[in-house]
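Since the structure comes first, as structure tokens, the remarks are kept for the end.
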There are 4 protein chains.
Amino acid sequence: MTEAHLIKTAIVGASGYSGEELVHLLLKHPHAELTAITSRRYAGLTLAQVFPKFASLPHARELKFSEPNPDLVAQKATVAFLALPHGVSSEMAVPLLEKGCRVIDLSADFRLKSAAVYKEFYGHDHPSPHLLAQSVYGLPEIYRGKITQAALVASPGCYPTSILLPVIPLLRARLIQPSTIIADSLSGVSGAGRKAELDYLFVECHESMRPYGLPKHRHLSEIEQELSLAADQTVVIQFTPHLIPVNRGILSTIYLTPASPLEDDESRGRYLAQVTEYFHMAYDGEPFVRVLDGKALPDTKNVVGTNVLEFAWRLDPRTGRLIVMSAVDNIVKGASGQAVQSYNLMFGFPETAGLL
Amino acid sequence: MTEAHLIKTAIVGASGYSGEELVHLLLKHPHAELTAITSRRYAGLTLAQVFPKFASLPHARELKFSEPNPDLVAQKATVAFLALPHGVSSEMAVPLLEKGCRVIDLSADFRLKSAAVYKEFYGHDHPSPHLLAQSVYGLPEIYRGKITQAALVASPGCYPTSILLPVIPLLRARLIQPSTIIADSLSGVSGAGRKAELDYLFVECHESMRPYGLPKHRHLSEIEQELSLAADQTVVIQFTPHLIPVNRGILSTIYLTPASPLEDDESRGRYLAQVTEYFHMAYDGEPFVRVLDGKALPDTKNVVGTNVLEFAWRLDPRTGRLIVMSAVDNIVKGASGQAVQSYNLMFGFPETAGLL
Amino acid sequence: MTEAHLIKTAIVGASGYSGEELVHLLLKHPHAELTAITSRRYAGLTLAQVFPKFASLPHARELKFSEPNPDLVAQKATVAFLALPHGVSSEMAVPLLEKGCRVIDLSADFRLKSAAVYKEFYGHDHPSPHLLAQSVYGLPEIYRGKITQAALVASPGCYPTSILLPVIPLLRARLIQPSTIIADSLSGVSGAGRKAELDYLFVECHESMRPYGLPKHRHLSEIEQELSLAADQTVVIQFTPHLIPVNRGILSTIYLTPASPLEDDESRGRYLAQVTEYFHMAYDGEPFVRVLDGKALPDTKNVVGTNVLEFAWRLDPRTGRLIVMSAVDNIVKGASGQAVQSYNLMFGFPETAGLL
Amino acid sequence: MTEAHLIKTAIVGASGYSGEELVHLLLKHPHAELTAITSRRYAGLTLAQVFPKFASLPHARELKFSEPNPDLVAQKATVAFLALPHGVSSEMAVPLLEKGCRVIDLSADFRLKSAAVYKEFYGHDHPSPHLLAQSVYGLPEIYRGKITQAALVASPGCYPTSILLPVIPLLRARLIQPSTIIADSLSGVSGAGRKAELDYLFVECHESMRPYGLPKHRHLSEIEQELSLAADQTVVIQFTPHLIPVNRGILSTIYLTPASPLEDDESRGRYLAQVTEYFHMAYDGEPFVRVLDGKALPDTKNVVGTNVLEFAWRLDPRTGRLIVMSAVDNIVKGASGQAVQSYNLMFGFPETAGLL
């Protein structure tokens, strides 16, 4: 593929942790040409000045942050990644789409199909509800076909990714009760974003483990939307996020109830075999989902820095519950890596391009 | 109180993390005289040589580790703390008790009332089942009176402490269904003990979050025993421990179902008021339990280095579940501090002596 | 000692890390009554609300933060600890001293004897140069007598403490050349203070090691002042601080040249014996200095949470240099604990009161 | 390049941290075919079983660890990386070389030119001194030409890499006195290797900073050999390593004395200009050395996970010293990445192949 075939690509909001990872992935991407990166804070500085760690990569000394001007972005790029706060993202997406620029949005602005649910969870009217029908939820393992055609991809949140991928196949196969799902999730501190707040200082986090944001974390809205679609009925779940002193990673432990009671070892054995079969049917061949059978349990250190989600499961004969545990890098498969996976689909590249 | 009134006290197995914390607490304890510390590995060395950090405390340069000989211990001490692996502890406790030495055991050996349950969870016959009836489960907030009189106290495990204290009042008050309890717990790495294994190396833990030991962790046996006593019926729970890169601390997030469904805001309000009332009834005046009402959520950094357990709770109107979250230092309130609390009760000292 | 004998004590600026540790130490201090704590940010809130971890200590639910008003502080307290930024501290110290309140200042405002040096290092005129002659540098092992009588104690910085205590005896004994001292120091992140800046976010520090503030860090001024006094000549040193991802602790590695060359094993042996002798003469009997002879090397984990500085030394026969290594908790012996040590001296308490 | 052109490559000792990183780098390398990986501990297991994090890479489920048999290795591979303990490495290198297999050794066995120095620092006779003349010290920026032709490359240690690259140009240009070099270095815990020892447990390292191995660390021997070659005279340096709680990274702060005294601002300005010029002459165009001029100081977080060494320098007008600070990933540029850099040179690939 010659230079002429490189896709002119922009990153709007390139100074947060997801933006930084997008820069990292796209600078190395074989088919991307990074033509614009924006940041209010760093406008005018080069990539190398803001992120010394990229200084040895090609273009890092020339590429400059600019103000997030949609005209400029649309002029320079065929596609733009938006790594902006929710609410702000929409303001950028609308003009970009109007100017024919495809958009991969990492915020929550276009993940929900219902403007009412958006208002319930985000506390204000949706700024551009007319786009909700058009946007595609960017979970490639579930919506691969639609992503390929999409002008606007709403890339999923990190917690949702860790919960949806292992649970959707079970709901689709009617193997679990949709009404009793509990997801207990642990997140590294990069999940809080790159913002100067006391709560996220090193000293405040280093020997700390704490729950937060319960019982109605905003991510619930998209999790429940997608689980409801998979179950073909309204699903309401329990979700508790926790902040843990690692840089990266999400670990979700998900408590599930089999669709019908399992009375004896034989029925439990049959059930487990079904679960295993459905998981393999869903994910064998998927490059970024690792189905752990055997004795291994997930560990975030096995996925950090990669676009892979790994998960395992156990059936507890004492309680009858199925426990599914998943691990993911919140910034890669939980954000920027997954967005690049959509990008690869949108432009007809191999899905793993730049991600292995 | 003159020196003559100091209690001659031994620590058997003083080189692990719990043993080390016992040394720390008892060296500073106003009524304790540390007359013997044992360790196979360090026999012959002084406390100051093995733990330089204690070198500036009184006696650290004279006090020597000796072999764990029960005759010697019984001769030197009125009471012995045992910080030994399960199975080993029993071998030491039997001769000590026979010689009239009171015993506070930090292992699992005497926590269970049933030798059969012990065998089920620990994989071998109980070595001294005749002592099970006599031992007292050393959770002072629950068994204060019995501990005062006990010759043998079985100090609770760290996970059990974090789960039992917030759940027992709810079970006693019949406020929750006993059959649907899920406890999702996070532990610092000191919980794995001071042993040279690859899994607990710095590099293997530092950017890692991982579940382990499910679905049938050994601590389940004592948790279920005590919850069953509180509920007056057999209780089986779900329990998932996780290893988290902090030195100390346990955070338990516990999912509970109210005893009867709560249909509207009013019934939820009444229920919450009851929960709050029962928690305050149970723990107001307790020096080592912090009931967090208001907006605060538990954080292990608020309890590390102290003998305090703190907990908070939320009722989720969307799912109807009650979520209780507790934080505790696994080595202090979850082990050595709680053992000293029992010691204070056994010898008539103020319960907070040496613990504030 | 009855309640009537408690010293009414204030902490001005009680919400930073040093202020928080002062609260911790003074709440437990047998002879202190904490009558005022101030914080602009938290005025009106109780101690328990701001620092949940203190909520179980006596008075934490009643003691309220107030605005830093000198009239009020002087009215309520006999002595005030100032844990304020440099420059701000002086504004508070002046009125407090005028009203007869003794002051222990943890800032840099009164550490230097020369207003000119202050201006050189801090970039502005000293706000109250008339107090410089009167203030006592609060390093108890060096200035014990003067501290006892002082109305104004300037408690040393954390880096200076780690460097001065091991080096002063060598300079006084003329065992090293004063002109070739190099101090390479590592600090935990609490040394940067409790302020919301990107550089000190968990994610920015967690897998980071970095030098900063060289070649002319402000602490140099007080280090050189005190070394010059010990050497009886002007001493200029090399000093490089580094930021390391631990919560607490300073480790200083100090490179020294013996006063005269050591040509053979015998002269090296004699020299080492002298060094050892002088260190023991200086610090045997000091409760808060641990002279590590034998094989042990300092480790911050042995001093964190204590008021102890520990140090060791090695003579390198290949280069002829003497290397001294010291470890200290930057917030305790490097700040608040050392300030309480001065407080004990000022009020005639045992020097270790509240510090063991 | 077709599959037929892939170089058959073995890793002997693939289960330690350097071995693991070699696996990681070579699995992704465009011109390498990993045909053998050995490990006594894991012989018979697949790569995916031992390192779940590689399970999603091609071949990880088929590639099996074998016993470290030189016949087998030589049969399967054209070149072997040895990531073995010193002493053991030599036993493997000798037969491999005899069978015509090229060797890139990551141990210390072939780094020294003098068997006598080896014995002095490693405590036993060199097992195969006849190979010392033939081996090439694998620092590509210094020995690029020789590496290209080498049958046996001795890849440098991590500390040496961090010190040699910034100091050699200064010695060659006669800009510093060779006799007064002090290197104060900080290493992440992976530097201690993947071995189950108490000292490297998470809890023993997490809130710890400590010097070790002074004053005569083994790495001194190769550092001094190479500095002596650059200076054209015998160089003896001061070197103090420290263990710091990060997974990866080395930060070296190096204290240097200019070749002649700098009396005034003008001479200092000229000197600094010379230093800057020589650094740029040495490293402009080098893909893996980042010369930080401007205000930036090195930070290990900017190099971790990359093959880049970055360094900066300051001249202190108060002391006349030049301070150079460098940061490197101890496992990549300090070990496995640098070894792959040599590999690229040896086989005529672009030097950056598989390393960007």
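The values are calculated or read from the model by the stated rules, or taken from the named source; none is laboratory data. This structure is a prediction, so every number in the text was calculated from the model and none was measured. Neighbour counts run over all protein chains shown; Cβ positions are idealised from the backbone, glycine included. What goes into the accessible areas is simple: the full protein's heavy atoms, side chains included, and nothing from ligands, DNA or RNA. Shrake-Rupley method; radii C 1.70, N 1.55, O 1.52, S 1.80 Å.
For segment B:320-349, what are the residues that are among the β-branched types (Val, Ile, Thr) and out of contact with any Phe, Trp or Tyr (no Cβ under 7 Å at 6 or more places or on another chain)?
B:328, B:332, B:340
Go through segment C:165-182 and give me each residue that's at the interface with chain D (Cβ under 10 Å from one of its Cβ atoms) and either of a type in the set (Phe, Trp, Tyr) or assigned to a strand (DSSP E or B) (or both).
C:182
For every residue, the table says whether it meets (1) under 26 Å from residue A:297 (Cβ atoms); (2) of a type in the set (Asp, Glu).
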| site | (1), (2) |
| --- | --- |
| B:163 | yes, no |
| B:166 | no, no |
| B:184 | yes, yes |
| B:207 | yes, yes |
| B:221 | yes, no |
| B:233 | no, no |
| B:238 | yes, no |
| B:244 | yes, no |
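For residue C:152, which of the numbered conditions (1) closer than 30 Å to residue B:208 by Cβ; (2) touching a helix residue (DSSP H, G or I) at 6+ places or on another chain (Cβ under 9 Å); (3) surrounded by 18 or more Cβ atoms within 10 Å (Cβ to Cβ) fails to hold?
(1)
Select from segment B:198-212 the residues that are outside any strand (DSSP E or B) and open to solvent by less than 20 Å² (accessible area, probe 1.4 Å) and write down the one among them that is nearest to residue B:224 (Cα to Cα).
B:209
What's the number of the condition residue A:67 fails, among (1) crowded, with 21+ Cβ neighbours inside 10 Å; (2) out of contact with any helix residue (DSSP H, G or I) (no Cβ under 7 Å at 6 or more places or on another chain)?
(1)
Looking at this structure, is residue A:259 free of Cβ contacts under 8 Å to residues at least 60 places away in the same chain and open to solvent by 10 Å² or more (accessible area, probe 1.4 Å)?
no
Counting only residues that are part of a loop (DSSP other than H, G, I, E, B) and not aliphatic (A, V, I, L, M), which one in segment C:225-246 is surrounded by the most Cβ atoms within 10 Å (Cβ to Cβ)?
C:245
If a residue has to be open to solvent by 30 Å² or more (accessible area, probe 1.4 Å), within 19 Å of residue B:296 (Cβ to Cβ) and more than 23 Å from the chain's Cα centre (by Cα) to count, how many in segment C:24-56 make the cut?
Final tally of qualifying residues: 8.
Can you tell me which residue within segment A:197-219, out of those that are among the hydrophobic types (A, V, I, L, M, F, W, C) and at pLDDT 95 or above, is farthest from residue A:142 (Cα to Cα)?
A:203
Pull out all pairs, ordered by first then second residue, where Cβ-Cβ is under 6 Å, the residues are six or more apart or on different chains, the first lies in segment C:51-73 and is of a type in the set (A, V, I, L, M), and the second is open to solvent by 20 Å² or more (accessible area, probe 1.4 Å).
Within 6 Å, the pairs are C:57/C:27.
Restricting to segment B:9-49, name every residue that is away from chain D (no Cβ under 14 Å), among the small types (Gly, Ala, Ser) and part of a loop (DSSP other than H, G, I, E, B).
B:13, B:14, B:43, B:44
Kindly establish whether residue D:253 is on the phi < 0 side of the Ramachandran plot, open to solvent by 50 Å² or more (accessible area, probe 1.4 Å), outside any helix (DSSP H, G or I) and of a type in the set (S, T, N, Q).
Criteria not met by residue D:253.
Could you check segment C:171-180 and list, in sequence order, the residues that are out of contact with any helix residue (DSSP H, G or I) (no Cβ under 7 Å at 6 or more places or on another chain) and at pLDDT 95 or above?
C:174, C:177
What is the one condition in (1) of a type outside the set (D, E, K, R); (2) crowded, with 24+ Cβ neighbours inside 10 Å; (3) within 20 Å of residue A:194 (Cβ to Cβ) that residue A:162 does not satisfy?
Going through (1) of a type outside the set (D, E, K, R); (2) crowded, with 24+ Cβ neighbours inside 10 Å; (3) within 20 Å of residue A:194 (Cβ to Cβ) one by one, residue A:162 breaks only (3).
Restricting to segment C:213-223, name every residue that is surrounded by fewer than 22 Cβ atoms within 10 Å (Cβ to Cβ) and facing chain D (nearest Cβ under 9 Å).
C:214, C:215, C:216
Among the residues of segment A:298-356, write down those that are open to solvent by less than 10 Å² (accessible area, probe 1.4 Å), closer than 20 Å to residue A:139 by Cβ, of a type in the set (Asp, Glu) and more than 11 Å from the chain's Cα centre (by Cα).
Of everything in segment A:298-356, just one residue is open to solvent by less than 10 Å² (accessible area, probe 1.4 Å), closer than 20 Å to residue A:139 by Cβ, of a type in the set (Asp, Glu) and more than 11 Å from the chain's Cα centre (by Cα), namely A:310.
So how many residues does segment B:323-356 have that are in contact with a Leu (Cβ under 7 Å, 6 or more places away or on another chain) and over 26 Å from residue C:51 (Cα atoms)?
Going through segment B:323-356 one residue at a time, the tally reaches 1.
Do we find a residue being within 12 Å of chain C (Cβ to nearest Cβ) and either acidic (Asp, Glu) or open to solvent by 50 Å² or more (accessible area, probe 1.4 Å) (or both) anywhere in segment D:185-197?
So far as segment D:185-197 goes, no, none of its residues is within 12 Å of chain C (Cβ to nearest Cβ) and either acidic (Asp, Glu) or open to solvent by 50 Å² or more (accessible area, probe 1.4 Å) (or both).
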